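Participant: Structure provided below as structure tokens; questions to follow.
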Amino acid sequence: MSNLPYRGEIYVIAAPSGTGKTSLVKALTEQLDDLGPSVSHTTRAPRPGEEESIHYQFVDHDRFRRMIERGDFLEHAEVYGNYYGTSHQEVNAKLDQGTDVLLDIDWQGARQVKRHYPDAHTVFIIPPSREALLQRLQHRGQDSDEVIAKRMLKAIDEMSHHDEFDYLIINDVFDEALADLVNLVASRRLKTPRQGYAHRLLLKQLLDSTS
């Protein structure tokens, strides 16, 4: 535990595929200090350019299952035959250091996080319309029409859980959606314990009865 009078806070950002969440999360972490993603554990193989402990903690299936049994994960899920999980220990270590933690997970993971951290701030991002979402999925140029149709159905199902989240942001204009995210985190950082510590010298000077 640190000697800070406050802990960092958890921000969970979820969205259906094609909404632009990855770009928003990247821009958000580049724009704000002391806001970092938790490095998840995964059983899938590293992709070209990915590094251990930077992009993921790469483990085999047996170790991942043992970690589940020990209760090591704040949340975990199976995606296309591979497991992904967020470490309790890593998240707590960052929170104790006063660092805000950003979790880029789905609505099911957000539900798990809320059970452990009821004060976590959950954000769901939606597209401005179904047509816009379909265009974004098509413009990737990576999937067949059949796969895109399946992704659309999955996106609709995911969006039906939007009311489980604390905040809802529409990603129509990227800069406006990013500003909404930045303002959300910035407003939370104005809470008195955090501001009081950051500006403790100023407050001491202002309250000094001898000056």
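Each reported figure results from applying straightforward, stated rules to the coordinates on display, with no laboratory input. Here the structure is a predicted model, which is why all the values come from computation and not from measurement. Quick reminder, even Gly has a Cβ in these numbers, built from the backbone with ideal geometry, and neighbours come from all protein chains shown.
Participant: Tell me which residues, restricted to segment 127-173, are out of contact with any Leu (no Cβ under 6 Å at 6 or more places or on another chain), basic (Lys, Arg) and within 22 Å of VAL25 (Cβ to Cβ).
Facilitator: Answer for segment 127-173, where residues must be out of contact with any Leu (no Cβ under 6 Å at 6 or more places or on another chain), basic (Lys, Arg) and within 22 Å of VAL25 (Cβ to Cβ): ARG136, ARG140, LYS154.
Participant: Please state which of the following conditions VAL12 fails to meet, knowing it meets all the rest: (1) surrounded by fewer than 13 Cβ atoms within 10 Å (Cβ to Cβ); (2) part of a strand (DSSP E or B); (3) of a type in the set (A, V, I, L, M).
Facilitator: (1)
Participant: While we're looking at this one, here's another question. Would you please list the contacts, defined by Cβ atoms under 7 Å and residues six or more apart or on different chains, that run from a residue in segment 77-90 that is among the β-branched types (Val, Ile, Thr) to a residue that is surrounded by 13 or more Cβ atoms within 10 Å (Cβ to Cβ) and not in a loop (DSSP other than H, G, I, E, B)?
Facilitator: Matching pairs, first to second residue: THR86/PHE73; THR86/LEU74; THR86/GLU75; THR86/LEU103.
Participant: Continuing with this model, one more query. Return the total of residues in segment 135-155 being without any contact (Cβ under 8 Å) to a residue 60 or more places away in the chain and either aliphatic (A, V, I, L, M) or closer than 20 Å to VAL12 by Cα (or both).
Facilitator: Residues flagged as without any contact (Cβ under 8 Å) to a residue 60 or more places away in the chain and either aliphatic (A, V, I, L, M) or closer than 20 Å to VAL12 by Cα (or both) within segment 135-155 amount to 5.
Participant: Still on this model: In this structure, does ASP96 turn out to be out of contact with any strand residue (DSSP E or B) (no Cβ under 8 Å at 6 or more places or on another chain) and either closer than 24 Å to ALA27 by Cβ or surrounded by fewer than 20 Cβ atoms within 10 Å (Cβ to Cβ) (or both)? Before the answer, list the steps.
Facilitator: On the way: out of contact with any strand residue (DSSP E or B) (no Cβ under 8 Å at 6 or more places or on another chain): yes; either closer than 24 Å to ALA27 by Cβ or surrounded by fewer than 20 Cβ atoms within 10 Å (Cβ to Cβ) (or both): yes.
Yes.
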